[in-house]
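These notes concern the structure reproduced below.
The values are calculated or read from the model by the stated rules, or taken from the named source; none is laboratory data. Every value quoted in this text rests on a predicted model; they were computed, and no experiment measured them. We place every Cβ from the backbone using ideal geometry, glycine too, and count neighbours over all the protein chains shown. The protein model used for the area step is the full one, side chains on, heavy atoms only, and it has no ligands, DNA or RNA in it. Shrake-Rupley method; radii C 1.70, N 1.55, O 1.52, S 1.80 Å.
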Amino acid sequence: DLGPRLSIATRDEFGEVAQAFNEMALQLSRIEETRRHLVADVAHELRTPLTIIQGQLELIQQGVKRAEPETLLPIQDEVMRLTRLVGDLHQLSLAEAGRLPLEKTWTDLTALAGRIVDNFQIEAEAKEITLTLEASDSIPVYVDPHRMTQVIVNLVGNALRYTPTGGAIRIVARQEGSEAILAVSDTGPGIRPEHLPHIFDRFFRSDEARSREEGGTGLGLAIAKEFVEAHGGRIGVESKLGKGTTFTVRLPKDLTVSDRTSPRPDGF
Ligand code: ADP
């Protein structure tokens, strides 16, 4: 008699289908929740600059202030902040959708980091921060140099922003097995252990960073992570409160089949 056995099997199958549906529903509600959060975060981030712009414009309209360069400067600052925010969001959404256009070419990581260090040197000197690069002669990587520049600029920019006067920022680039590694270390305030898991989330900023209001959008590290991962790499962070922080980028040197069609130029 197959009756009971069949019905048990059928019940199991129903159970599996029901469970699969439940899991799908759960996943959808998580996606919906993430989307809702993002919209709320973006609205929140837009509010502050818009309030400042509106306030300044009202003062000019009421004749309290005149439309002089001094009065217009805060408006211009906030417009630039909004422009940066919209640009960052666009890059981030492209990367998250896996549609970030990458123009990969053979690039010397040492030379690329060297140019960034040169560009930041004046800002570092103004803060009496020593900014140094230690790297092997040449580290060939097959990357989009503009995206990779943005990753390193975001990391060094943060290190400069959060490290107090008299500190030090050290960039080390080296090859290790099949990876190229670039680390940015600073002697800044460090990051609280409970904040570390969230540091690459979009719009995450510590209260200390928020209160400084030094122009960050809270998207710099999220962008760095997406860009590195779009190259098949990884980014990590280590930090000690009161001592400093190190961000480490690891890029694969083993190329995918399609990448191998582009031969390494001579000298690499
Ligand atoms: P932001 O625009 O606020 O710098 P990021 O995504 O670049 O946004 O960084 C997120 C947060 O991580 C910062 O607000 C700050 O709290 C923390 N952070 C990033 N880099 C450092 C650093 N080098 N030292 C200490 N805290 C940092």
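With θ set to phi - 60° and the Karplus curve 6.51 cos²θ - 1.76 cosθ + 1.60, what are the ³J(HN,Hα) couplings of the range 127-144 in order, to the nearest whole Hz, using x for Gly and Pro?
Listing the rounded values in order: 9, 6, 10, 8, 10, 10, 10, 10, 8, 5, 3, 8, 10, x, 9, 9, 9, 7 Hz.
Once Lys and Arg get +1 and Asp and Glu get -1 on their Cβ, which of A95, T71, T48 lies farthest toward the positive end of the dipole of the chain?
Toward the positive end, the furthest listed residue is T71.
Determine, for each peptide in 179-186, 135-142, the mean count of other beta carbons within 10 angstrom over its residues, then list the peptides with the highest first.
Descending packing order for the listed peptides: 179-186, 135-142.
What accessible surface, in Å², does a 1.4 Å probe find on T34, ignoring ligands, DNA and RNA and rounding to the nearest 10?
So the heavy atoms of T34 present about 70 Å² to solvent.
Report the normalised scattering of the range 44-90 as log10 I(q)/I(0) at q = 0.17, 0.26 Å⁻¹, calculated by the Debye formula with identical scatterers on the alpha carbons.
-0.50, -0.89
Checking understanding here: applying a Kyte-Doolittle mean of at least -1.0 and a length along the axis of at least 20 Å (C-alpha), which whole DSSP H helices in the chain pass?
3-61, 69-96, 109-126, 145-162
I want to verify the translational diffusion coefficient of the range 1-130 in µm²/s; compute it with Stokes-Einstein, Rh as the Kirkwood radius over Cα pairs, at 10 °C and 1.306 mPa s. Could the numbers behind the result be given before it?
On the way: Rh = 21.4 Å.
The estimated diffusion coefficient comes to 74 µm²/s.
How much area per residue is accessible in the range 99-184 when the probe is 1.4 Å and only protein heavy atoms are counted (Å²)? Kindly include the intermediate steps, with their values, before the conclusion.
Details: 3990 Å² over 86 residues.
Accessible surface, normalised per residue, equals 46 Å².
Taking H placed 1.01 Å from N in the peptide plane, check which residues at least 5 places from K65 or on another chain put their amide H under 5 Å from its amide H.
Result for K65 returns I60.
For the chain, modelled as a Gaussian network with Cα springs under 10 Å, which listed residue fluctuates most, F204, F21, F120?
F21
To check you understand DSSP bridge types, tell me what percent of the beta bridges within the chain (both residues inside) are antiparallel, rounded to 5. Show your work: numbers first, answer last.
Working: 27 of 33 bridges.
Approximately 80 percent, going by the DSSP bridge assignments.
How would R66, R30, R147 rank on accessible area, largest to smallest, probe 1.4 Å?
R66, R30, R147
Dividing the convex hull volume of the Cα atoms of the chain by its residue count, what figure in Å³ per residue is obtained?
212 Å³
How big is the antiparallel share of DSSP beta bridges in the range 134-259, given as a percent to the nearest 5?
Of all bridge pairs located within the range 134-259, approximately 90 percent are antiparallel.
Hey, what's the Cα Rg ratio for the range 76-141 versus the globular rule of thumb, 2.2 N^0.38 Å?
1.53
Give me the Å³ per residue figure for the convex hull around the C-alpha atoms of the range 126-233.
Per residue, the Cα convex hull of the range 126-233 comes to 124 Å³.
With viscosity set to 1.567 mPa s and temperature to 4 °C, compute the Stokes-Einstein D of the range 50-195, Rh being the Kirkwood radius across alpha carbon pairs; µm²/s, no decimals.
Here the translational diffusion coefficient equals 71 µm²/s.
Hey, in the GNM for the chain with a 10 angstrom Cα cutoff, which one of T130, T51, T187 fluctuates hardest?
Maximum among the listed residues: T51.
Check cross-link reach from K240 to the aspartates and glutamates: straight Cα distance under 18 Å, and skip same-chain residues fewer than eight apart.
Result set, ordered by chain and number: D186, E194, D207, E208.
With +1 on the Cβ of every Lys and Arg and -1 on the Cβ of every Asp and Glu, and nothing else charged, how large is the dipole of the chain about its Cα centre, in debye rounded to the nearest 20?
Once rounded to the nearest 20, the dipole reads 140 debye.
So, in Å, what gap is there between the alpha-carbon centers of the range 17-55 and the range 168-236?
23 Å
Under 5 Å between amide H atoms, partner at least 5 residues away or on a different chain: which partners does L131 have, H built in plane at 1.01 Å?
Hits under the 5 Å cutoff: I169.
Given the options I60, I31, I191, which has the most mean-square fluctuation in a GNM of the chain, springs set between C-alpha atoms less than 10 angstrom apart?
I31
In a shell of Cβ-Cβ distance under 13 Å around G98, excluding G98 itself, what net charge do Lys and Arg (+1) and Asp and Glu (-1) give?
-2
Can you give the net charge of the other residues whose Cβ lies under 14 Å from the Cβ of T83, counting K and R as +1 and D and E as -1?
Summing Lys and Arg as +1 and Asp and Glu as -1 gives -2.
Using R₀ = 35 Å, calculate the FRET efficiency as 1/(1 + (r/R₀)^6) where r is the Cβ-Cβ separation of D137 and V79; round to 0.05.
E between D137 and V79, to the nearest 0.05, is 0.20.
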